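Notes for the one structure printed next.
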Amino acid sequence: MKIGGKEFNDRTYIMGILNVTDNSFSDGGKYNTLDAALAHTEEMIAEGADIIDVGGESTHPGYTMISDEEEIARVAPVIERIKSEFDIPVSVDTYKSRVCEAAARAGADMINDIWGFLRDKDMAKTAAKYNMAACLMHNKREAVYTDFVNEVVESLNESVKIARAAGVTEIAVDPGVGFAKSCEQNLEIIKEVARLKETGCPVLLGTSRKSVIGLTLNLPADERVEGTLATSVYAVLNGCRFVRVHDVKENKRAIAMTERIMGI
């Protein structure tokens, strides 16, 4: 898979999370100034991040939606500065086509859509217009399923179909841990994450500090690093191409050790 002119093949890469928000569930307000965002970007790159994922609106359960204008004002200047100061692909975490377009103009290489191109009908064509790669996540409005894992795969197949029809060629898929799923369903989709390769696309697993880890281990958000590392190791063992994490250094080491054991 190619993102921002760089190839991502045959191992597990790290997407570092940069939340330029004031209310994200684990790090809201820590990096919502330009200087803080750039400093954290530099830190994540030094620790081994391969992609920086910039998000301007928190999407945790019960989040408050912000306007396109406010989200653009948060992410566009940060993306522009990252692209001017660092040689690293940048993803924008949004489900809004206007934000996607502004981010692309600022230099974003990838769209990370939590609705998998199923919510905003203009998202796929906007990504294609700017030759962006895409990460398409599974989501739905209600956590109601009759055949859970198969329905996740089928929904992602539909997202991929929409993307390809619009002309998006570089596509990854994400099972959407923490979105429209119970704790047990989150554990199940992590266990079955290799099934997502049936879409024909590389797989991204994003579990970092999420509630499934907190509920499983009975831990608050700031004590979920070890649980996240377990899922990252599992991602490597199951052939995931990417993990999306807050704690880059720790995940980088866990992945490197796992890959060395596997002979990758």
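The values are calculated or read from the model by the stated rules, or taken from the named source; none is laboratory data. What you see is a predicted model, and the numbers here were worked out from it, not measured in a lab. Here the Cβ is made from the backbone with ideal geometry for all residues, glycine too, and neighbour counts use every protein chain on show. Each accessible area value is taken on the protein alone, full model and side chains, heavy atoms only, with ligands, DNA and RNA left out. Shrake-Rupley method; radii C 1.70, N 1.55, O 1.52, S 1.80 Å.
Miscellaneous remarks
- Sequence-separation-based contact order of the chain, relative, with Cα cut under 8 Å and 6+ spacing, percent: 19
- Nearby lysines by direct alpha-carbon distance to residue 191 (threshold 22 angstrom, same-chain neighbours under 8 apart not counted): 140, 181, 210, 252
- Judged by the gyration tensor of its Cα atoms, with axes a ≥ b ≥ c, the stretch 167-260 is oblate; a/c meets the 1.5 cut and b/c is at least as large as a/b.
- Ellipticity estimate at 222 nm from DSSP helix runs (n ≥ 4, -39,500 (n - 2.57)) divided over the chain, nearest 500: -13500 deg cm²/dmol
- Other-chain or far-sequence residues with amide H under 5 Å of residue 134's (modelled H): 111, 170, 171, 172
- For the stretch 171-245, applying the loop criterion from DSSP together with a ceiling of 16 other beta carbons within 10 Å to the GluC sites (Glu not before Pro) yields 192.
- All other residues whose Cβ lies under 12 angstrom from that of residue 66 are scored, Lys and Arg at +1 and Asp and Glu at -1, for a net of -4.
- Cα-based shape type of the stretch 10-146, given that a ≥ b ≥ c are square roots of the gyration tensor eigenvalues and the cut on a/c is 1.5: rounded
- Within the shell of other residues whose beta carbon sits under 11 angstrom from the beta carbon of residue 185, the net charge comes to -2, with Lys and Arg scored +1 and Asp and Glu -1.
- Label-zone membership for the stretch 147-184, site residue 192, 7 angstrom Cα→C-beta point, backbone N under 16 Å: 147-158, 174-184
- Neighbour-limited loop hits for GluC sites (Glu not before Pro), the stretch 93-182 (at most 15 other Cβ within 10 Å; DSSP other than H, G, I, E, B): 142
- Comparing 126, 41, 146 in a Gaussian network model of the chain (Cα springs below 10 Å), the most mobile by mean-square fluctuation is 146.
- The magnitude of the dipole of the chain, with charges of +1 and -1 set on the Cβ of Lys/Arg and Asp/Glu and taken from the Cα centre, is near 540 debye.
- Among (i) 0.97; (ii) 1.14; (iii) 0.92, the entry that matches Cα Rg over 2.2 N^0.38 Å as calculated here: (iii)
- Accessible area of the chain belonging to carbon and sulfur atoms, whole % at 1.4 Å probe: 49
- Cβ crowding within 10 Å averaged over residues, with 46-57, 2-13 ranked highest first: 46-57, 2-13
- Pairs beyond 20 Å (Cα-Cα), from 129/161; 2/125; 125/197: 125/197
- Cα shape, the stretch 109-175, gyration tensor, a/c 1.5 rule: prolate
- Accessible area expressed per residue, the chain, with surrounding protein chains retained (probe 1.4 Å, Å²): 43
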